[in-house]
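The values are calculated or read from the model by the stated rules, or taken from the named source; none is laboratory data. Quantities reported herein were computed from a predicted structural model and do not represent experimental measurements. Here the Cβ positions follow ideal geometry from the backbone for every residue, glycine too, while neighbour counts run over all protein chains shown. These accessible areas exclude ligands, DNA and RNA; they are computed on the full protein's heavy atoms, side chains included. Shrake-Rupley method; radii C 1.70, N 1.55, O 1.52, S 1.80 Å.
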Amino acid sequence: MEDIKKGEQENERKKRIAVLFGGCSTEYEVSLQSAYAVIEQMDTERYERILIGICRRTGQWYLYQGNIDSIPEDRWLDDRTCTPVWVSTDRTVHGVCCQGKNGTYTIPLDAAFPILHGKNGEDGTVQGVLELAGIPVIGCGMLSSAVGMDKELSHRIAAAAGVPVAETVTVARPYDAHEIRKCARRLGYPLFVKPVRAGSSFGITRVCEEKGLIPAVESAFEHDSEVILEEQIRGFEVGCAVLGNKELTIGEVDEIELSEGFFNYEEKYTLKTSSIYVPARIPHEKADEVRHMAAVVYRALKCRDFARVDMFLTPEGKIYFNEVNTIPGFTAHSRYPGMMKAAGMTFEELIDRLIRMEVGE
């Protein structure tokens, strides 16, 4: 990668786009894969890539100037290729400060593209820091990111917008085990126990009988301070890739077929016993209804630029909102790019359009 300071004149016409990857999250590895795919597909004739890796252990941000192939293999963190950076609080800079060998210098940015999954990246924290610094964010902002990560709040907002949601009960510590069992019996078994704020199905358990309830609640509390019990919706999951702001582009609806269990972390990234169909094997009229519901949720949660809205479709044809992913998986084989590809948009075109929505031509 070219030296930032030496390349300033020759790159004057290029837009500087920071791609953020890594992060203090259980989804660190997923971020590395997604970010690598995005970085590879960025048009280097048009954009100057400023790669910023976030250390999983310390949370330190680094300007990375090494080989991009080291990112997905998690070999990027090296003193020879990494320089500490931090977001400038001076809004006239709208960029980052870099600690070089000869002192501190600033790198102004035209936009930042956070490819960070889960907590401390997809939950509005990083978006808030960038917005405070006056750096345009490619993707959802602080508010929609925070609400999208919170399963209870996002369900409340979707329901208020007229979209059906599963019945849930929220639990916080200290809790009464007897009351939890009582609530679970009302919801009916099987049911799901989930952390309120977590991604990639971490901490989620499908509970089929009462003896597994409290252990599942304790497991969920390992990932968040609040837990929800959620009724199981009969049917299968469908998803929508939504792109845009004033005018929306919605990709083909996809469908997840499971042979057993639920779409947990292992299934999401290995597809051992599940399959994804794009387009979904549902009537065109029902697919249009799913797209409409996705757009309603996207607008209600004030999403920007892009998001993936996941829903359930019951055997009776009723659609229920499940969750919104404000930074969905972004490898070439991930669901979001797959749905957009099925709608006629290549991965490279998708990345370029996302960037242009924030920085223009």
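Across 20 Å bins from 0, what is the distribution of all Cα-Cα pair distances for the chain, in whole percents?
Calculated over all Cα pairs of the chain, the distribution is 29, 55, 15, 0 percent.
In degrees, nearest 10, range 0 to 90: what is the angle between the Cα axis of helix 28-41 and the longest Cα principal axis of the chain?
50 degrees
Of the heavy-atom accessible surface of the stretch 136-258 (probe 1.4 angstrom), what whole percent is carbon and sulfur?
51 percent
Using the heavy atoms of the protein chains and a 1.4 angstrom probe, tell me the accessible area per residue for the chain in square angstrom.
45 Å²
Determine the share of the stretch 281-333's accessible area contributed by carbon and sulfur atoms, expressed in whole percent, with a 1.4 angstrom probe.
54 percent
If you put +1 on each Lys and Arg Cβ and -1 on each Asp and Glu Cβ, how big is the dipole of the stretch 1-138 around its Cα centre, in Debye rounded to 20?
360 debye
Taking the chain as a Gaussian network, Cα atoms linked when under 10 Å apart, which of His155, His292, His94 shows the biggest mean-square fluctuation?
Among His155, His292, His94, the largest mean-square fluctuation in the Gaussian network model of the chain belongs to His292.
How much of the accessible area of the stretch 20-61, probe 1.4 Å, is carbon plus sulfur, in whole percent?
That share works out to 39 percent.
For the chain, give the magnitude of the charge dipole about the Cα centre (Cβ charges: +1 Lys/Arg, -1 Asp/Glu; no others), in debye to the nearest 20.
Dipole size: approximately 560 debye.
Once a ≥ b ≥ c are taken as the square roots of the eigenvalues of the Cα gyration tensor of the stretch 37-154, is the result rounded (a/c under 1.5), prolate (a/b larger than b/c) or oblate (a/b not larger than b/c)?
The shape class here is prolate.
Taking only the alpha-carbon atoms of the stretch 79-137, what semi-axes of the equivalent ellipsoid follow from 5 times the gyration tensor eigenvalues under a square root, in whole Å, largest first?
21, 15, 9
Counting just the Cα atoms, what span does the stretch 270-361 cover along each of its three principal axes? Round to the nearest Å and put the largest first.
46, 33, 23
Out of Ser70, Ser144, Ser88, any idea which swings most in a Gaussian network model of the chain, alpha carbons joined below 10 Å?
Residue with maximal mean-square fluctuation among Ser70, Ser144, Ser88: Ser70.
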